[in-house]
Amino acid sequence: MTQDLPLDLSDEVKHALDRGAPVVALESTIITHGMPYPDNVSTARAVEAAVRAGGAMPATIAVLGGRIRVGLSDAEAEALGRGTGALKLSRADLAFAVATGRDGSTTVAATMICAHLAGIRVFATGGIGGVHRGMESTLDVSADLDELGRTPVTVVCAGAKALLDLPRTLEYLETRGVPVVGYRTDRFPAFWSRDSGLPAPLRLDSAAEIAALAAAQRRLGLGGGVLVANPVAAADEIPGGEIAAHIDEAVADAVRRGIGGKAVTPFVLSRMLELTGGRSLRTNVALILGNARLAAEIAAASAG
Ligand code: PSU
Ligand code: MN
């Protein structure tokens with residue numbers, strides 16, 4: 001089926017999918033545009049290890065030389081993390097990268113597309129993109145939200161960052177028909193913080209229930225993904241009250257410097273790292289590992 005697609009599965013990932021074993025897709029924009037080197041590469045490795053420890057096969061996704069790669073070697077992940085040349089690929093950029101033979105990392109939206117092409121149904125990330133503050137003038141709404149509305153992949157995240165407009169992000173997900181599920185919480189988490197101040201639209205307390213939800217959505221022919229919001233562990237969180245001023249400052253810096261479009265999220269993330277003296281990065285690593293463990297459980301509950 002995949003032979004006409006510019007899609008290469010690693011041997012391990014291919015064998016796991018052929019046997020119906022659990023597989024968890026992982027994105028690569030977090031490696032190239034989300035964290036500094038070398039923390040990006042060590043985190044990518046730790047996340048793969050966490051998926052394996054949970055009994056599932058990790059499949060980190062990127063585009064290399066115009067081929068969609070599902071499952072990267074350590075050396076390939078290292079090269080992506082070291083280099084500065086990789087394009088940030090969302091839905092709008094994927095065909096361009098393929099047609100021009102480029103290297104690029106995949107956002108949540110592009111990773112969902114590639115995971116679906118490969119037959120992978122569960123995906124772990126840190127935070128999703130959303131509706132940006134000031135969208136009334138910029139119309140900046142991440143393509144991640146529309147992708148969740150159309151591509152049948154369960155995405156495990158720690159909510160969305162409070163640098164976004166979270167009430168509008170949840171409204172838009174509802175409009176697009178995306179079930180947003182708090183995992184063992186009634187609150188929608190805000191990435192570094194366990195509580196955004198907004199309720200989680202839905203709540204489930206086990207991986208098996210989440211797998212059942214995704215299966216019901218498929219059976220009903222509804223299409224689209226499921227968004228699982230898994231709050232960072234209490235010991236690792238930065239409470240909303242402590243981080244709010246830093247977020248406001250980082251967002252204001254982006255506006256002042258005229259940074260827009262695809263550059264906004266990477267800029268604000270690196271500014272947050274400076275403003276928190278590295279604390280935001282430690283929380284970021286902890287929450288991704290938590291999401292990888294939960295995604296492995298969901299994949300195991302969905303397999304077979
Ligand atoms: N949120 C994070 N870290 C990230 C991103 C989001 O905490 O690295 C990345 C993800 O790949 C997400 C993308 O899909 O940023 C969203 O970018 P944009 O807002 O330009 O759609
Ligand atoms: Mn955008």
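The values are calculated or read from the model by the stated rules, or taken from the named source; none is laboratory data. Treat the numbers as computed from the prediction; the structure is a model and nothing was measured. As a convention, Cβ positions derive from the backbone with ideal geometry for all residues, glycine included, and neighbour counts pool all protein chains shown.
Filter the helices (runs of 4 or more DSSP H) completely within the range 1-114 down to those with at least 2 residues that are within 16 Å of ligand 1 (Cβ to nearest atom) and either free of Cβ contacts under 8 Å to residues at least 12 places away in the same chain or touching a Ser or Thr at 6+ places or on another chain (Cβ under 8 Å) (or both).
Where helices (runs of 4 or more DSSP H) fall fully within the range 1-114 and carry at least 2 residues being within 16 Å of ligand 1 (Cβ to nearest atom) and either free of Cβ contacts under 8 Å to residues at least 12 places away in the same chain or touching a Ser or Thr at 6+ places or on another chain (Cβ under 8 Å) (or both), they are 39-53, 74-82, 91-99.
So which of A211, A296 ends up being crowded, with 18+ Cβ neighbours inside 10 Å, in contact with a Pro (Cβ under 9 Å, 6 or more places away or on another chain) and modelled with pLDDT of 95 or more?
Criteria check complete, one pass: A296.
Could you look through the range 115-148, keep only residues that are touching a residue at least 40 places away in the same chain (Cβ under 8 Å) and in contact with a Lys or Arg (Cβ under 7 Å, 6 or more places away or on another chain), and pick out the one that is nearest to ligand 1 (Cβ to nearest atom)?
The residue in question is G127.
Test R256 against the stated conditions and say whether it is away from ligand 1 (no atom under 14 Å from the Cβ), more than 30 Å from A53 (Cα to Cα) and at pLDDT 95 or above.
The answer is yes for R256.
With the requirement that a residue be modelled with pLDDT of 95 or more and hydrophobic (A, V, I, L, M, F, W, C), what does the range 141-163 give you?
V141, A143, L145, L148, V153, V155, V156, C157, A158, A160, listed by residue number.
Tally the residues that are within 22 Å of the chain's Cα centre (by Cα) and part of a loop (DSSP other than H, G, I, E, B), restricting the search to the range 277-289.
The total comes to 1.
In this structure, does L145 turn out to be within 19 Å of I30 (Cβ to Cβ) and in a helix (DSSP H, G or I)?
yes
Can you find a residue that is polar (S, T, N, Q) and at pLDDT 95 or above anywhere in the range 61-74?
Yes, the conditions are met somewhere in the range 61-74.
Could you check the range 140-157 and list, in sequence order, the residues that are within 13 Å of Y172 (Cα to Cα), in contact with a His (Cβ under 9 Å, 6 or more places away or on another chain) and either more than 9 Å from ligand 2 (Cβ to nearest atom) or not aliphatic (A, V, I, L, M) (or both)?
D140, S142
Which residues, counting only those in the range 255-303, are under 16 Å from E242 (Cβ atoms) and within 16 Å of ligand 2 (Cβ to nearest atom)?
Once the filter is applied, which keeps residues that are under 16 Å from E242 (Cβ atoms) and within 16 Å of ligand 2 (Cβ to nearest atom), the range 255-303 yields nothing.
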